[in-house]
Amino acid sequence: MLGNELKYSGFAAIIGVPNSGKSTFLNTIVQSKISIVTPKAQTTRNKIRGIYNGEDTQIVFTDTPGITSTDFGKLLNNWMNKYSFSAAQDADFTVFFVDVSTQHPEKGIGEEEAHILKNLPPKTPVILVANKIDAVKPMRVDDTIAVYKKHFNFAASCAISAKDGTGTEELINTLKQFCKPGPQLFPEDMYTDQEDNFLVSEIIREKLFLELSQELPYSVVVTVEKMHDHRTKDILLVDATIHVARDSQKGIVLGKKGATLGKIGSAARRDIEELYGCQVGLNLFVRVEEKWFDKERLLQKVGFEKDFDR
Ligand SMILES: Nc1nc2c(ncn2[C@@H]2O[C@H](COP(=O)(O)OP(=O)(O)OP(=O)(O)O)[C@@H](O)[C@H]2O)c(=O)[nH]1
Ligand SMILES: [Mg+2]
């Protein structure tokens, strides 16, 4: 129910370099896998919204693509960076993620992190989150936080492990201070506003990222063509297309006698079944679409809006 009772609420943008654990954090706090996670950088491509529902607080988080200063010259990369900064523009506060395991506090803050901090909207409070504390000694965490605080005027700071959940409750309590009283924004049983087609295409993309080596995952995009309503059928039937940029990539995605595609399909099917709690029939097609990452039509189809200036 969308009640009118007084709640504290706020919009938070999760910002950071690729691989800092932003999506892992979002999944941990909404207790559902709504944003895909892989060990590869630049996994997230869109703004993914996840809603934290506490007793008296609702925080609408936007997970964003990791920001890099490198210009890959592709429309896709430009749009991804713009997306992340626009999420910070739209938010009440920014949660800035730093992977402590990649930091060298004795040398100052990371170059890429400095680039992001310099470009964040000046009036929005920024909360520093030192993530992956499970992977390093406590002293490194303290030194990292100290060097970042010296560089930038953070509104608050927290140390967490998004993976095992350590410190996430304290972080939520800290973020509550930046929420404002007001009516609740979304029904409290809602944890994402992602549409089914998008969630399913992202699951398939995650399996491609995990299965394919090196650069190839960056050359794929997934669209869901058909999906029967899972609420009215016992079996959910999904037709999806994997778009690759070159003919040779099609062969790699298919694998010997279709073995790679088979593996990707089975792993994706299992996750989709878990998400919807029903049996799933998944048909995957592979299509060569040259330079898809420069095509507005396809980027819009996979969830990018053209107009960033809202
Ligand atoms: N040890 C450890 N690993 C973590 C933690 N959080 C995330 N990871 C791992 O870091 C990798 C990247 O995590 P993601 O959540 O995909 O990172 P991201 O910031 O969303 O990355 P992009 O979408 O590429 O910007 C994955 O292998 C995660 O399992 C953590 O707290 N501890
Ligand atoms: Mg991500």
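Working only within the range 253-263, note down all residues that are surrounded by fewer than 16 Cβ atoms within 10 Å (Cβ to Cβ) and of a type outside the set (D, E, K, R). Those that are surrounded by fewer than 16 Cβ atoms within 10 Å (Cβ to Cβ) and of a type outside the set (D, E, K, R): G255, G258, A259, G262.
Of the residues screened, R205 is not one that is away from ligand 1 (no atom under 16 Å from the Cβ) and outside any loop (DSSP other than H, G, I, E, B).
For the range 89-112, a residue qualifies if it is within 16 Å of ligand 2 (Cβ to nearest atom) and either over 17 Å from L175 (Cα atoms) or aromatic (F, W, Y) (or both), and the qualifying residues are F96, F97, D99, T102, E112.
Among the listed residues I272, I242, I203, identify the single one that is in contact with an Asp or Glu (Cβ under 6 Å, 6 or more places away or on another chain), under 23 Å from N46 (Cα atoms) and surrounded by 15 or more Cβ atoms within 10 Å (Cβ to Cβ).
Result of the check over I272, I242, I203: I203.
Have a look at I59, I29, I51 and point out the one that is β-branched (V, I, T) and under 30 Å from R297 (Cα atoms).
Unique residue meeting the criteria: I51.
Being assigned to a strand (DSSP E or B) and at pLDDT 90 or above is a property that does not hold for T260. Taking the criterion of being closer than 19 Å to D99 by Cβ, in a loop (DSSP other than H, G, I, E, B) and charged (D, E, K, R), the residues of the range 153-202 that qualify are K163, D164. Here A88 meets the list (1) out of contact with any Lys or Arg (no Cβ under 8 Å at 6 or more places or on another chain); (2) within 30 Å of S213 (Cα to Cα); (3) more than 9 Å from ligand 1 (Cβ to nearest atom); (4) aliphatic (A, V, I, L, M) almost entirely, failing just condition (2). For the range 117-175, the set of residues classified as free of Cβ contacts under 8 Å to residues at least 24 places away in the same chain and more than 22 Å from S84 (Cβ to Cβ) consists of K137, P138, M139, D142, I145, K149, K150, E169, E170, N173, listed by residue number. Name the residue that is farthest from ligand 2 (Cβ to nearest atom), counting only residues in the range 36-67 that are at pLDDT below 90 and among the hydroxyl-bearing types (S, T, Y). Only one residue tops the list, namely T38.
Residues of the range 34-65 that are touching a strand residue (DSSP E or B) at 6+ places or on another chain (Cβ under 8 Å) and within 16 Å of ligand 1 (Cβ to nearest atom): I34, S35, T44, K47, I48, R49, G50, F61, T62, D63, T64.
The values are calculated or read from the model by the stated rules, or taken from the named source; none is laboratory data. Small disclaimer: the values here were computed from a predicted structure and weren't measured. Methodologically, a virtual Cβ is constructed for each residue, glycine included, from the backbone with ideal geometry; neighbour enumeration extends over all protein chains shown.
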